[in-house]
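Heads up, the thing below is written out as structure tokens.
The values are calculated or read from the model by the stated rules, or taken from the named source; none is laboratory data. Note that the structure is predicted; figures quoted are calculated from it, not measured. Positions of Cβ are backbone-derived with ideal geometry, glycine not excepted, and every protein chain shown enters the neighbour counts. Accessible surface areas use protein heavy atoms only, side chains included; no ligands, DNA or RNA. Shrake-Rupley method; radii C 1.70, N 1.55, O 1.52, S 1.80 Å.
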Amino acid sequence: YDVLPLPSDPFVVVIPGSWTAYSEEESIHMADLADFPYLTLKTDQTTWMHEQVMNECLRHGFAPDIICECSSVAIIMSLIAEGIGATIFPKSVMSSFPSDVVRMLEIKDADFQSEVGVVWMKDRYLSAGARHFIDSFRTGS
């Protein structure tokens with residue numbers, strides 16, 4: 001495989017807008033998440049992300065209180081909007097869900113990020129469209 005790494009994406013905490021204890025906060029410590037009801041995205045394609053989040057929680061001395069495992073970002077965001085719980089997502093996910101009913105908090109003391117890239121089969125034919133797609137990431141256009 002050939003890989004073109006893209007800029008990494010920091011993880012953020014997503015909480016209900018109704019959680020007033022954090023209404024003035026822009027960031028949060030990992031340890032503060034220990035008492036949150038936690039909603040997690042867990043599919044065959046997101047196992048790496050789930051494990052990375054769980055490991056970061058354990059590194060900070062707690063296992064999250066998982067109340068729901070879900071295969072849909074949209075459903076998790078709906079549950080958060082209803083005040084059910086919180087989650088940790090890559091920051092870029094939030095651009096797809098602009099909302100006044102959920103809040104994003106930076107994580108003060110965690111150093112984990114979502115690593116993303118474009119991957120294709122090495123030494124295989126790539127159509128002109130596929131080459132153009134890959135090149136658009138190289139040039140930023």
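Checking (1) 12, 45, 33, 9, 1; (2) 11, 37, 29, 16, 7, 0; (3) 12, 39, 35, 14, 1 against the coordinates, the calculated P(r) over Cα pairs in 10 Å bins from 0, in percent falls under label (2). Taking 7 Å steps out from each Cα toward its Cβ at A63 and V3 produces label points 3.0 nm apart. Mean projected area of the convex hull spanned by the Cα atoms of region 1-51, taken over all viewing directions: 5.6 nm². In the context of the full set of protein chains, residues of region 11-141 present 58 Å² of accessible surface per residue (probe radius 1.4 Å, heavy atoms only). Antiparallel beta bridges, as assigned by DSSP with both residues in the chain, represent about 65 percent of the total such bridges. By DSSP, the beta bridges lying fully in region 7-88 are antiparallel in about 25 percent of cases.
Run a plain Debye calculation on region 63-131 (Cα atoms as equal point scatterers, no solvent) and give log10 I(q)/I(0) at q = 0.24 Å⁻¹, rounded to two decimals, same order as the q list. Debye curve over Cα of region 63-131, log10 I(q)/I(0) at q = 0.24 Å⁻¹: -1.22. Straight-line reach from K91: which lysines fall under 29 Å, measuring Cα to Cα and dropping same-chain residues less than 8 apart? List returned: K42, K108. Label point of R124 set 7 angstrom out along Cα-Cβ; within region 28-69, amide nitrogens under 19 Å from it belong to 45.
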